[in-house]
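Read the structure below first, then the notes.
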Amino acid sequence: MISVLVCDDQALVRTGFATILDAQPDLTVVGEASDGRAAVDLARRLRPDVVVMDVRMPVMDGIEATRALAGAGVTDPTKVLVVTTFNIDEYVYEALRAGASGFLLKDADPPEMVDAVRTVARGDALLAPAVTRRLIGRHAERIRPAASTITAVDALTPRELEVLRLIAAGLSNAEIATALVIGAETVKTYVARILMKLDLRDRVQAVVFAYRIGLVEPGG
């Protein structure tokens, strides 16, 4: 059973998400929070498998709450799924950098919401590639390669760099396998090596890393 904590300052939205998720035989909503501070406190106490996190909330916003639960230096990070209204929210890029395992648009259909929670729960990053590229493109001026990232990329082989580039372009493992004419299991091995060498948690962090080092051009 996958336990879920739902965090949103709008009661109607929060209740809607909880109702959809709780109706699934393999999901159970263990709590609800209406602000970021309450979300962090509840998550630390209840230890849910997935936190569904709104970005714009009072007391502490979803970005800070995500960083507190899943950011760098957190010993036992919680999986966070950010939900947002793309045309309004300006902060999803920062949420991903703060440690979110992925994001979903609030106008997603109920089956998409359910699938997103299951995806994040099993340890896979959830990305909407086109939206990810647009979001990062809008924040291009904030993406600057640091010395540590430039040094880290030297550990990658040319093939691993190519796989990283395709990950950042939004391709799935199957699509990468087709593009490079290699097996799907080989792609999985490359992805695992990339994450290990760069000390990255998942594909979301790999995408941000690729943009930071200039491997993919923002908006490109």
Taking LEU104, is it within 18 Å of the chain's Cα centre (by Cα) and part of a helix (DSSP H, G or I)? no
Residues (surrounded by fewer than 19 Cβ atoms within 10 Å (Cβ to Cβ) and within 17 Å of the chain's Cα centre (by Cα)) located in segment 174-191: none
Selection from segment 192-220 of residues over 14 Å from the mean Cα position of the chain (by Cα), small (Gly, Ala, Ser) and at negative phi yields ALA192, ALA210, GLY220
Only one of VAL40, VAL83 is crowded, with 17+ Cβ neighbours inside 10 Å, aliphatic (A, V, I, L, M), touching an Asp or Glu at 6+ places or on another chain (Cβ under 9 Å) and not in a helix (DSSP H, G or I), namely VAL83
State which residue pairs qualify: first residue among the acidic types (Asp, Glu) and inside segment 199-220, second residue assigned to a loop (DSSP other than H, G, I, E, B) and modelled with pLDDT of 75 or more in any location, beta carbons under 7 Å apart, and separation of 6 or more residues or different chains. ASP202/SER101
Failed condition for LEU164, given (1) at pLDDT 75 or above; (2) under 17 Å from VAL52 (Cβ atoms): (2)
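The values are calculated or read from the model by the stated rules, or taken from the named source; none is laboratory data. In this text, all values refer to a predicted model and were calculated from it rather than measured experimentally. We place every Cβ from the backbone using ideal geometry, glycine too, and count neighbours over all the protein chains shown.
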